[in-house]
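Here the structure comes first, spelled out in structure tokens, and everything after it is commentary.
Nothing in this text is a laboratory measurement; each read-out follows from the coordinates by a stated rule. Just so it is clear, the structure is predicted and the values come from calculations on it, not from any experiment. We place every Cβ from the backbone using ideal geometry, glycine too, and count neighbours over all the protein chains shown.
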């Protein structure tokens, strides 16, 4: 629990309540798959000042909620064709302000952006972790990126998810890895 001190007060408070709810309700999926506080802090630092964020792989929405809580003008669009029954309980913990800036799309991440969506300033790829899915998701969304956008891949280097690293190698992306995240920056 001491690890949450790397998060802002609002995000840390949400994370504590979400973690408690997950434990009490037996939500093992969230406890195993949600970004750890150190990863989340790094993601939020990368997202600083970016208002148009897309997350691929909503899960139970902990990351989407943290992104919305961190900055009051940020809009988060999140894609996941698998609707988790526990998701609504965590969205309720976010409060109405943050919740109103999260758009849940029950669609595959390879569907890509909709007409009228703003250029993506930060893309967080945390859906399927096999090589082919990572490559397909990046290629689908590359054209929707704003100049200087940041793409963050979750679970880079995780022994259970070698496909993330393999996909990045296949895409020949140059970037940096830190704390389970791989970060690539789009050109100007």
In what sequence, highest mean first, do 109-118, 62-71 appear when ranked by Cβ atoms within 10 angstrom? 62-71, 109-118
Under the classification rounded if a/c is under 1.5, otherwise prolate if a/b is larger than b/c and oblate if not, where does the range 1-80 fall, given a ≥ b ≥ c as square roots of the Cα gyration tensor eigenvalues? oblate
In deg cm²/dmol, rounded to 500, what helix-only [θ] at 222 nm does the chain give when every DSSP H run of at least 4 residues adds -39500 (n - 2.57) and the total is split over its residues? -12000 deg cm²/dmol
What's the center-to-center distance, using Cα atoms, between the range 88-135 and the range 1-28 in Å? 21
Cα extents of the chain along the three principal axes, largest first (Å): 42, 38, 29
Here the gain from full extension of residue 107 to residue 51, 0.36 nm per residue of separation minus their alpha-carbon distance, amounts to 18.0 nm
Which residues does a label at residue 83 reach in the range 48-71, if reach means a backbone N under 20 Å from a point 7 Å past the Cα toward the Cβ? 55-65
List the relative contact order of the chain as a percent without decimals, with contacts defined as Cα pairs under 8 Å and 6+ residues apart. 18
Report Rg (one decimal) and Dmax (nearest whole number) for the range 43-93, counting Cα atoms only, units Å. 10.9, 32
Relative compactness, the range 79-143, computed as alpha-carbon Rg over 2.2 N^0.38 Å: 1.24
Which FRET efficiency value, to the nearest 0.05, is calculated for residue 169 and residue 96 with the Förster distance at 45 angstrom and r the Cβ-Cβ distance? 0.60
Just the number, please: Stokes-Einstein D of the range 113-188 in µm²/s, Kirkwood Rh from C-alpha pairs, 37 °C, 0.692 mPa s. 263
